[in-house]
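Asks: This is the structure I want to talk about, given as structure tokens.
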Amino acid sequence: MKKSILIIASICLIALVSFKADKYFTLKFSEAALNKHYQNLGAIKQIIEKSNLPHQEVVFVASSIDSLQLDIVNQVKAQTQVPAK
């Protein structure tokens, strides 16, 4: 009886913890490819801002692109910084 309760409690705990875990992915690009994608995002943002889309949609897309570009810059900075000794 105690073993079954312990097993059920363990399964429940594992299930709860598994939903809380964050997953991290590392994408590797050459510098040229990363620059190309970054510039393409900027070009897409300019096209969206000049489009006839409703203002809310333009703001959403533009802020999404800004966020993605900021993440790209932060990741590059983090990977290129030399650790302090």
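The values are calculated or read from the model by the stated rules, or taken from the named source; none is laboratory data. A quick note: this is a predicted structure, and the numbers were derived from the prediction, not measured. All Cβ positions, glycine included, derive from the backbone under ideal geometry; neighbour counts span all protein chains shown.
Asks: Which pairs have Cβ atoms under 8 Å, sit 6 or more apart or on different chains, and link a residue in the range 66-85 that is within 12 Å of H37 (Cβ to Cβ) to one that is of a type in the set (F, W, Y) and modelled with pLDDT of 85 or more?
Replies: So the pair list comes out as Q69/Y38; I72/Y38.
Asks: Considering (1) modelled with pLDDT under 85; (2) surrounded by 10 or more Cβ atoms within 10 Å (Cβ to Cβ); (3) among the hydrophobic types (A, V, I, L, M, F, W, C); (4) out of contact with any His (no Cβ under 8 Å at 6 or more places or on another chain), say which one A15 fails and leave the rest.
Replies: Every listed condition holds for A15 apart from (2).
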